[in-house]
Structures are given as C-alpha cells and as structure tokens.
C-alpha cells in the first residue's frame, strides 16, 4: 500500500498508509488529519482540501483540471506553484512515499 | 405506517427482490416526522418500490451516493422531480443545469461555478459578515421574535438579492417562486397543484428579473450575462441560468439557517460549545444541513437497465433519492440522530454530491458561517417561547414559525 507523509504547519509529520484508488483527501479525512476540511466531500467544488505538494513529487502527479486551477485561486491559504487540491490526487503504487504539506488554514 | 406490503419477484427479477412499501414521502403526516419512516425504508432493502407513486427509492447512504455519482445511468434531463420529461411537458422550460446531462450540463455548470467561486466568496465575505452582525444586534434589541421570518428569511433576503443585482421592486415574489419550484418536484398532490395554480405572477416577476437590463452591474446576474460576451453561453441561455440562482439561492439558505437556529435552540449544550469556540460556526451550520437536510429528496431517471444494491431497475424508471435519510444512515454515521457541531461532516449529501452538487454551496456556507459566528459572540441563550409550526413543501424541510427569545451574552 502506498504511504503519504502529511507535514503539519508546526512541522510535525504523520505517515499514513493509503489504498490504491483512494484520494489523498480521503486518506487524510479518514485518519484524523484535521487540516484537511473537504467541505464538498471530494467533488472539486470548494478548495478546502488544499495541500502543498513536495517539490520532488509535483511533476509526478496527473496535471490539474481547469476547475481545480480556478478553485485554487480562492483557497484560504496562499496559493503557491505546488498547490493542489488533495481530492484530485488519486493514490497509486507509483505515488508511494508522497509528501504533502498542510496549509495553516482552509477557510 | 410503512409496512412491507409485498415482495414481488416481478420488479426484482434481476437478483434480489425489491420490497414494495406503502409509504407516501410527500404526505403531510410524513413531513411531520420523516425520520422513523426513513429508518424503515433503509432497513427494508437497498432499493425499495413505493406503490403510491410507482417509483423506486434509495434511502441508504451507499446507494444514494452511487446514484448521485452515476449521472450517465441516473439522468437529470428527464426531470429531477416525479414528472418524466420524456412523457410529460414540464411546468416551466427546463433548467439548463439542474435538469440537464453532460455534455450540455458541463458547459452551463462551468459558468455558474465561475460566478460563485471561492475567489468570488472572498470578495463578498466582509459585506455578508457585516450584515450578519447588524442582524443579530437588531434581534438582540428586540429580544423576542420569530426566528423564521425575522432571521432565517430576513438575513438571506438582506444579502442575496443585492449580491444577485436584483431590482428592489418585486422581491416579495422570491420566496413564493422558490417554494413553487421545490413543490413542483413532487407528485401531483395538493401542494404541487395549488403552487402551480398560483404561479403566474411569480413566474412573470422572475422572467422579467432575469433579463440583462434588470440586473445591476457587478452582481451574480450581470456576471452570468457577461459570459455571453465571452461565448461561453448564448444570449437566450443567460436568463435561464440567472433563473437557476433565483430558484435555488434563497429558500434553501432560509431553510438551512432555520435548521441551524432550531438545532441550537433545541440543543443548548451545542450552543454552549459554539459560544466557547466561535470558529466552529461554519461546521455548526454544515452539521445542521446534515441533520435536518433542507433539501430532502431528488429524483433521477434510469437511462438503461441497471443493477444497484443487488437489485435490478429497468430503463426509464424514476428513482427517488432520500438525501435526508442518507444523512442519518447509521451504516455511514456514528450517532446519526445527534446534532454534534464537532462532527466531521465531510461527505454528507445535504448539498447533493457529484456533478449536480449544489453550485451555490459556498454562498450557503458563507451565510451560515457569518450568521452563526455573530450569534456565537453575542447571544448567550436561545429559548423557544411559543408553538413551533412546520412549513410543508414537497422537497424542502423547514419551519413556518419558530418563536424565540435571545438572551445577550
């Protein structure tokens, strides 16, 4: 099973096992990562599951859709070049070891 | 009540038989207390058949979610009410977004998503928050008032029509029009028939108000019309998309806010929790949407024979999704009948889910959050001081009257 390392704003990190096909958002919300709010439940409609993808992983993710791009403009925390919505990151074996930094706010 | 009348192999010839239930989910007695019947529907089977209206029903979270997420099989273009647009003429020209399927839906949806995006919410936030503060201050002066007309209706009406860019005149038609739209999704019962009989003046107002010249610059309405200039939509489509926001943008938030106030009045421990930590305001609103489900149901129509929950449904059948029941399904939620403002609410279907999930959800949450934030800071107690009256609608759950007294913090 692929693992994700979530790094919290205070730099504490948690490594969590994910199931293939699960979104990184689902992994976070089902494991008590409170920094991921995911108000819309994974429909790419709210921008409250914002993450900063570690530089070494950003190019290995599927490219973002126009919808995701537009939503990130409204994210509560600053949008950076490595910003993504975690509901749009689908876990797969090749993403084993993915590192996601959590912003300090989602709303 | 909801006894299983028969289990017929005929409608369940695929795999599992589908129980037939004698439940009318559009009857006034049902609206008074739908929750025990929801439990019976869930416990009967993953898919049930309601003889009263000849429709299939799904009341468990898993099946409701599955139907919402398979729009190719469970389509919206044949209407999201009982009426099948393939067989009956719709009571009004169909919505270009709610009553549409991809690819047509994809284009119109993108337009409304842009108009109501998170970035737009940042721009309107301060104004919505200031009005919420003023509303709570005003009500604390009065102390005793009706939390439906004076708060749940009054607050959205103080912000949303202006945000749309509506003219001042004629706004009294907005709530009756929305009530009509949501009654019309139901079966041909008295609620629907009487609403449609009285609809002419409300429809005339809305049609007129949706025209470009009648929408102030900078508002959501003008932003929709501006999309004509970019080629995203055609000129005749713009008024119909404005109509979508007038249909679904007010009564829903009225009932969402009404639900939140009713919850906080009934569960003082949750009000106390909110007062301790006003940052919980947004989730307190979200949990009220899960708990009460202001939008109770929607239909879909099958485009092919399909197996769901181990049962077979033929092509061209209406399927009723019990959103409110899914939101309290113990298969999905811990202590579902408890209003808990610290609950992780993500995944509830009070705003729907999938491609048709409420396009105005961010506006609803903004209104709910800023109002409950102001309330958390200023109001010490909410006491129900008179008879609570339910308002009956085929789709919307909410109150007609909620007399309360606010005590200052």
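Observations
- Flag if residue B:248 is in contact (Cβ under 8 Å) with a residue 12 or more places away in the chain and either more than 16 Å from the chain's Cα centre (by Cα) or surrounded by 24 or more Cβ atoms within 10 Å (Cβ to Cβ) (or both): no
- Some residue of segment B:114-122 being under 22 Å from residue B:206 (Cβ atoms) and surrounded by 14 or more Cβ atoms within 10 Å (Cβ to Cβ): yes
- Here is the figure for segment B:93-115: residues that are within 24 Å of residue B:79 (Cβ to Cβ) and within 13 Å of chain A (Cβ to nearest Cβ) total 7.
- Number of residues in segment A:11-44 that are within 14 Å of chain B (Cβ to nearest Cβ) and assigned to a strand (DSSP E or B) equals 1.
- Taking the conditions (1) closer than 26 Å to residue B:370 by Cβ; (2) modelled with pLDDT of 95 or more in turn, residue B:119 satisfies each one other than (2).
- Condition met for residue B:133 (free of Cβ contacts under 8 Å to residues at least 24 places away in the same chain and over 25 Å from residue B:112 (Cβ atoms)): no
- Residues in segment B:304-318 that are touching a strand residue (DSSP E or B) at 6+ places or on another chain (Cβ under 6 Å) and surrounded by fewer than 18 Cβ atoms within 10 Å (Cβ to Cβ): B:315 only.
- Selection within segment B:134-165 - assigned to a loop (DSSP other than H, G, I, E, B) and either under 22 Å from the mean Cα position of the chain (by Cα) or within 17 Å of residue B:260 (Cβ to Cβ) (or both): B:147
A quick yes/no check of all residues on (1) free of Cβ contacts under 8 Å to residues at least 60 places away in the same chain; (2) touching a helix residue (DSSP H, G or I) at 6+ places or on another chain (Cβ under 7 Å):
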| site | (1), (2) |
| --- | --- |
| A:22 | no, no |
| A:29 | yes, no |
| A:42 | yes, yes |
| A:46 | yes, yes |
| A:52 | yes, no |
| A:61 | yes, no |
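- From B:275, B:290, residue being within 30 Å of residue B:374 (Cβ to Cβ), touching a residue at least 12 places away in the same chain (Cβ under 8 Å) and surrounded by fewer than 22 Cβ atoms within 10 Å (Cβ to Cβ): B:275
- Failed criterion for residue A:8 (all others in (1) more than 12 Å from chain B (Cβ to nearest Cβ); (2) on the phi < 0 side of the Ramachandran plot; (3) touching a strand residue (DSSP E or B) at 6+ places or on another chain (Cβ under 7 Å) hold): (3)
The values are calculated or read from the model by the stated rules, or taken from the named source; none is laboratory data. Just so it is clear, the structure is predicted and the values come from calculations on it, not from any experiment. When we count neighbours, we look across all protein chains shown, and the Cβ atoms used for this are built from the backbone with ideal geometry, even at glycine.
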